[in-house]
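Here the structure comes first, spelled out in structure tokens, and everything after it is commentary.
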Amino acid sequence: MGSSVRMIVYNEDEAYAPELRAGLLSIDGVKIIAEVDDPILLPQAAKQFPADVAVINLDPNPELILSMAAQAIADCPDMPIFAISESNDGQLILSAMRSGVREFLTRPVDREILAEALSKISLHRVSSTRQGKLVSILGCSGGVGATSIATNLAVELSRMSSGGVALVDLDFRFGQVATMLDLESTYTISDLCDSHEQLEAQVIERALVKHSSGVQVLPRPNTFAEAETISAAHCVGVLSGLLGLSDYVVVDGPTRFDMGAKSVLDIADEILLVMRMMVPSVRNASRMLDGMRQVGFNME
């Protein structure tokens with residue numbers, strides 16, 4: 001494809017999830033920026049995330065899912081929806097098209113057909129913002145130097161890039177990015193996580209603090225209580241907004257391999273796994289790679 005395609009995925013079939021994810025991420029340029037497994041959340045996700053397309057699995061309850069898809073289309077008419085189902089029933093296909101679904105694909109999904117459909121979206125998309133590259137620095141254990149690498153990488157990229165570099169601290173409780181750069185900030189990432197809508201560029205820019213190197217920093221929350229309020233959706237929304245403002249977004253983290261981490265790694269262009277040649281660190285690296293492989297990450 002000519003450029004990246006940001007995607008919302010709806011699927012409540014856990015057994016199908018790894019196959020669906022692996023198939024989507026095997027297509028060059030695809031970035032999954034949100035995953036939902038409750039049809040009621042689909043319209044909300046469509047409004048909150050800056051997606052180019054939504055891919056929805058209609059099974060096992062196509063009528064309910066199509067009704068939610070129709071609401072999402074009404075709220076976000078510029079975002080096409082692709083539907084997937086095991087059924088090729090003509091009445092279901094007709095109902096999907098009447099609901100506003102752009103493409104109907106039967107399982108197992110033909111990768112070439114899906115890639116061609118996504119390519120058309122990529123080619124015809126009119127976007128007013130550029131899309132930067134997201135680099136995640138993932139430490140396999142404490143003390144491996146992930147924060148140092150993230151900080152120095154951001155500074156080096158700032159020297160090489162004219163389009164801006166953002167550095168985000170995803171260790172919401174004990175992050176030290178701002179300390180390493182000797183910065184004090186009025187705002188943190190938690191201040192950007194109160195909105196349930198897409199963040200405006202001016203709001204994001206006000207929250208960033210600029211280092212003398214040119215790097216724009218978004219520090220960790222000031223309190224543990226604020227850290228607890230940040231969801232995976234919040235985090236991805238903030239990072240998606242930053243990608244529209246910067247050539248590069250470097251994130252220190254995520255620090256825990258959980259659902260929030262999976263959401264961040266989904267939209268990352270590069271993941272740098274940092275470990276020490278010590279047994280605990282090597283074992284953690286192996287487990288993390290196995291976990292990525294099991295949920296369908298493109299291991300290339």
Please state the charge dipole magnitude for the chain, taken about the Cα centre, from unit charges on C-beta atoms (+1 on K and R, -1 on D and E), reported in debye and rounded to the nearest 20.
720
When the accessible area of the chain is computed with all protein chains present and a 1.4 Å probe, what percentage of it is carbon and sulfur?
50
When only the heavy atoms of the protein chains count and the probe is 1.4 Å, how do F257, F49 rank by accessible area, highest first?
F257, F49
Measure out, as a whole number of angstrom, how far apart the alpha-carbon centroids of region 265-297 and region 42-84 sit.
32
Charge tally in the Cβ shell below 10 Å around L25, where Lys, Arg are +1 and Asp, Glu are -1, L25 excluded:
-1
Please work out the C-alpha center-to-center distance from region 1-37 to region 165-230 and express it in whole Å.
28
Share of alpha-carbon pairs per 10 Å distance bin for region 233-300, given as whole %
17, 50, 28, 6, 0
Using only Cα atoms and rounding to the nearest 10 degrees, what angle (0 to 90) does helix 146-160 make with the longest principal axis of the chain?
80
Peptides 30-43, 88-101, 203-216: what's the order by average Cβ count within 10 Å, highest mean first?
30-43, 203-216, 88-101
What's the long-distance tail for region 128-258, i.e. % of Cα pairs beyond 25 Å?
15
What number comes out for accessible area per residue over the chain if the probe is 1.4 Å? Units Å², please.
49
Measure of compaction for region 180-244 (Cα Rg per 2.2 N^0.38 Å):
1.09
List the residues, sorted by chain then number, that are 5 or more residues from K210 or on another chain and whose placed amide H is less than 5 Å from its amide H.
V217
Net charge around R206, counting only other residues with Cβ within less than 12 Å of its Cβ (Lys, Arg = +1; Asp, Glu = -1)?
-2
Return, for the Cα atoms of region 61-148, the radius of gyration and Dmax in Å, separated by a comma.
18.9, 58
Express in Å², to the nearest 10, the accessible area of D191 obtained by rolling a 1.4 Å probe over the protein heavy atoms while all chains stay in place.
70
DSSP-defined antiparallel bridges as percent of all bridges, the chain, nearest 5:
5
Dividing the alpha-carbon radius of gyration of the chain by 2.2 N^0.38 Å (N being the number of residues), what value is obtained?
1.02
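The values are calculated or read from the model by the stated rules, or taken from the named source; none is laboratory data. Being a predicted model, the structure only gives us computed values, none of them experimental. Cβ: placed from backbone, ideal geometry, glycine included. Neighbour counts: every protein chain shown. These area figures cover heavy atoms from the full protein model, side chains too; ligands, DNA and RNA do not enter into them. Shrake-Rupley method; radii C 1.70, N 1.55, O 1.52, S 1.80 Å.
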